[in-house]
Amino acid sequence: MTLFDRLKAASADDWTAYVEHDFVRQLGEGTLPVPAFRTYLVQDYLFLIHFARAYALGIFKGRHLADMRSALASVNAILGEMDLHVGFCAEWGISEAELERTPEERANTAYTRFVIDAGLRGDLLDLHVALAPCVIGYAEIARRLAATAKGADPANPYARWIAEYSGEAYAAVAEAAIAKLDSLGDELLTEKRFTAVSDLFAQASRLEADFWQMGLDAAG
Ligand SMILES: Cc1ncc(C[n+]2csc(CCO)c2C)c(N)n1
């Protein structure tokens, strides 16, 4: 069993509430109100900026050169993806000016700063456990949606989002994150520490669910 599977099993209810959230269901069915998705996209731009900062902590906290190099590659990947994200937002009628001027929603601040704090206080294992629901969860969500008729239907307005995260490239990112957790676990996890690490995973999963809810709430 991978460490990721152990963490998921220990937080089963929080995990399910995140990956089967109503926002996700409506995204898959193509019934999600457009204002909910637009709010999500704008907030996700702000989210990704802070996530790049969280990954950058991995360079600072890395004990081995290989850890520092892989964290650097992740920072580069996210910063590179920002251009794609801005382009995707433009297709939904969101300008760069709107992305820049929109204030962070509290659910966004809560989540991103929680992850950064987990990394600041702890070691690389704490940081990667706090990052895991985000990085690995999206692959699981999109894979499930892509296997449904409406999720794979090009007429679904959200088909591109689903295709992006269910594609091979993103699956490889999620697989690498699962493997990274295992190698950090081998090096740093003791059974005594499992509860504390599992609490981080559960909290990050709840904060992901709150992020979806923020999108739904914006649509009234
Ligand atoms: C709220 C929220 N949670 C997770 C992701 C997914 N995600 C976050 S960082 C990243 C790149 C990893 O290399 C990906 C795919 C998101 N975009 N927004």
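Couple of notes before you dig in:
- In the chain, the calculated helix contribution to ellipticity at 222 nm averages -27000 deg cm²/dmol per residue, counting -39,500 (n - 2.57) for every DSSP H run with n ≥ 4.
- All other residues whose Cβ lies under 13 angstrom from that of Y170 are scored, Lys and Arg at +1 and Asp and Glu at -1, for a net of -3.
- Around D123: net Lys/Arg minus Asp/Glu count, Cβ-Cβ under 14 Å: 0
- Here the dipole of the chain is about 320 debye; that uses its Cα centre as origin and unit charges on the Cβ of Lys and Arg (positive) and Asp and Glu (negative).
- Of the solvent-accessible surface of the chain, computed with a 1.4 Å probe over protein heavy atoms with every protein chain present, carbon and sulfur atoms account for 56 percent.
- Stretching the chain fully between F60 and E98 yields a gain of 10.5 nm (0.36 nm per residue, less the alpha carbon separation).
- Relative contact order computed over the chain (Cα-Cα under 8 Å; 6+ residues apart), in percent: 37 percent
- Net +/- balance of residues flanking V75 in space, Cβ distance below 14 Å, scoring K and R +1, D and E -1: +1
- Annotation: aspartates and glutamates with alpha-carbon distance below 16 angstrom to K180 (same-chain offsets under eight excluded): D5, D67, D123, D126.
- In the context of the full set of protein chains, region 3-218 has a per residue accessible area of 47 Å² (1.4 Å probe).
The values are calculated or read from the model by the stated rules, or taken from the named source; none is laboratory data. No experiment lies behind these values; they were computed from the predicted model shown. Methodologically, a virtual Cβ is constructed for each residue, glycine included, from the backbone with ideal geometry; neighbour enumeration extends over all protein chains shown. Accessible surface is based on the protein model in full, side chains and every heavy atom, while ligands, DNA and RNA are left aside. Shrake-Rupley method; radii C 1.70, N 1.55, O 1.52, S 1.80 Å.
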